[in-house]
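The values are calculated or read from the model by the stated rules, or taken from the named source; none is laboratory data. Predicted, not measured: the structure shown is a model, and the values here were computed from it. Virtual Cβ from ideal backbone geometry, glycine too; neighbours counted across all protein chains shown.
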Amino acid sequence: MPLPRAALVDPNGWFLDRRLVLGGGLAAAGLLAAPAIIGRAGAQGVNWNRDPFALGVASGAPTPSGFVLWTRLAPDPLSPDPATPGGLSAESYSVAFEIAADAQMRNIVKGGMAVARREFGYSVHAGVAGLESNRPYWYRFMIGDAVSPIGRTRTVPALGMDLECLRFGFVSCSHYEVGYFSAYRHLAEENPDVVLFLGDYIYEYTYPPETPDLVRAHSDGVEATDLRTYRNRYAQYRMDPDLQRLHALAPALINWDDHELENDYANLFSQSHEDVESFRARRIAAYRAFYEHMPLSALSWPNGSLLHLYRRYSFGDLAEISLIDGRQYRSPAPCYTAPDWGRGRLQTNSDCPERLDEKRSMLGQRQEAWLYDGLHSSNARWNILGENVMMVPLLQRTESGEAAFWTDNWNGYPANRDRVLQTIQESGVSNPVLLAGDIHSFWANDIKLDFEDPNSPTIATEFVGSSITSNRPPYDLFLTYLKDNPHVKYFDSRVCGYAMVELTKEQMTTHFRAISDRTDPNATVSTLKTFVVENGRPGAVEI
Ligand code: FE
Ligand code: CA
């Protein structure tokens, strides 16, 4: 079934729907179907004087028969009182949802009730199954007299089914204080099938108010450290209209990086907590708030300080996208003890032989086994790893000119990187491609079997997207590193933006899109570079 794109390419598409709803025009427009469901929600007798759907809607975890629909009831999203998250105090609410085969919600194909519990900040995660594969659906939530915006999502093709084309964006690093989310808006206008969020969706820290060039403030002016402050941080980001629009338009595949909890943290090791137990309490709060605000399946239900995030998504015979979690299970930063064991640093081999320890893991033993099983068993044409951080070695120099590596990314875990590369080679997996964020700049890299040998074969391709808004590394300084890193084919840290990918059986086309000015809420977009990877030929080729 072809995608009825026109309805959603219109940049005002769902805002129009929303105005209809808020203006009471929905019934008049004939859009209020399935009165039985509305009646059940209405029976709870909630009359809202503030919109409980101020954080919008989202979807994710797409399967061939369904997805997860998300919203969070929050009529007062930034409520400062931890006893009333989102301004609510009841134990729970019943929220109705409807799924339609059309953008106007005329042909309702499924409906149901979901519970919004106080203990999860009144978030709703409605797992839906039993739908047709590989097609779009539209959805909305209702409670009492309130109706949410209409979102669009989609199911994926059945395993092994012939799929000709997949279009997706990948994004990372949106710091609210330093810019507007124009990159999210422009990605939404490209109408992707799915969006990969690769981490740093929020920033836990807050700049001092006197910092120059801040365009807007974190609401409570503090670093998020507990459930209330993490919740309110997510809520504030989700009130952003550009981010809401992107979530309402396409299902999200969610990864995280460090700033969902704390800068550069490693597992239970922090740069601000001397003991693991106090950091564990903070991690429990941060992971819970993350779950509350993301369209995650029950697989990712937070279990104390654990949240299972790594997951593989199949898109017929065309692609497998595996999101890998390089934060939760990693070994501590090498050569540090409390309180610096969760902090990246430049380390030389003579200063820090521990970095090279073969037992060090970024992914943890179980996830490594899962990843290697997947690489060995995949039959997909393209095999994409959505990582938190860039994989290629980046040799830098200390002030005395000695070779050194930054330890917060894969350079702190070279033995684990080698195991991944060996498995890619041994498995013969088809067209492996790595995608990452974290470093706030655009990169196209050759993945070499042995990075120390320039004649070693290129076995995979890596693309890294720039930040949505976050501060970028110094361009001129990083250019001086490139001569020591011949596997880097392209680097630019002068712009913010995102990446848009078109996959076909024969090639992968990756567009690096640049935003004109992160401080301009109406920033424009342009294409910085476009690269192609041909089927069977690893390595990015600029076109
Ligand atoms: Fe970041
Ligand atoms: Ca990061």
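Brief remarks on what is shown
- Output for segment 320-351, where each listed residue is crowded, with 20+ Cβ neighbours inside 10 Å, of a type in the set (A, V, I, L, M, F, W, C) and more than 30 Å from Lys505 (Cα to Cα): Ala333, Trp341
- Selection count, segment 294-317, where residues are among the aromatic types (Phe, Trp, Tyr) and assigned to a loop (DSSP other than H, G, I, E, B): 2
- Flag for Gly412 being modelled with pLDDT of 95 or more, within 16 Å of ligand 1 (Cβ to nearest atom) and closer than 26 Å to Lys489 by Cβ: no
- Taking the criterion of being touching a Ser or Thr at 6+ places or on another chain (Cβ under 6 Å), of a type outside the set (Val, Ile, Thr) and more than 16 Å from ligand 2 (Cβ to nearest atom), the only residue of segment 182-219 that qualifies is His218.
- Of the strands (runs of 3 or more DSSP E) that lie entirely inside segment 130-249, those containing 2 or more residues that are more than 16 Å from ligand 1 (Cβ to nearest atom), surrounded by fewer than 22 Cβ atoms within 10 Å (Cβ to Cβ) and touching a residue at least 24 places away in the same chain (Cβ under 8 Å) span 165-171.
- Per-region count, segment 250-293, residues closer than 30 Å to Pro136 by Cβ and within 16 Å of ligand 1 (Cβ to nearest atom): 6
- Residues (out of contact with any strand residue (DSSP E or B) (no Cβ under 8 Å at 6 or more places or on another chain) and part of a helix (DSSP H, G or I)) located in segment 322-356: Pro353, Glu354, Leu356
- Matching residues, segment 399-424, being within 13 Å of Ala266 (Cβ to Cβ) and in contact with a strand residue (DSSP E or B) (Cβ under 6 Å, 6 or more places away or on another chain): Thr407
- The condition (being over 22 Å from Gly169 (Cβ atoms), within 16 Å of ligand 2 (Cβ to nearest atom) and loosely packed, with under 14 Cβ neighbours inside 10 Å) is satisfied by just one residue among Pro454, Pro473: Pro473.
- Given (1) under 19 Å from Glu190 (Cβ atoms); (2) within 16 Å of ligand 1 (Cβ to nearest atom); (3) of a type outside the set (D, E, K, R), number of the condition Phe463 does not satisfy: (2)
- Some residue of segment 267-274 being of a type in the set (D, E, K, R) and within 16 Å of ligand 2 (Cβ to nearest atom): no
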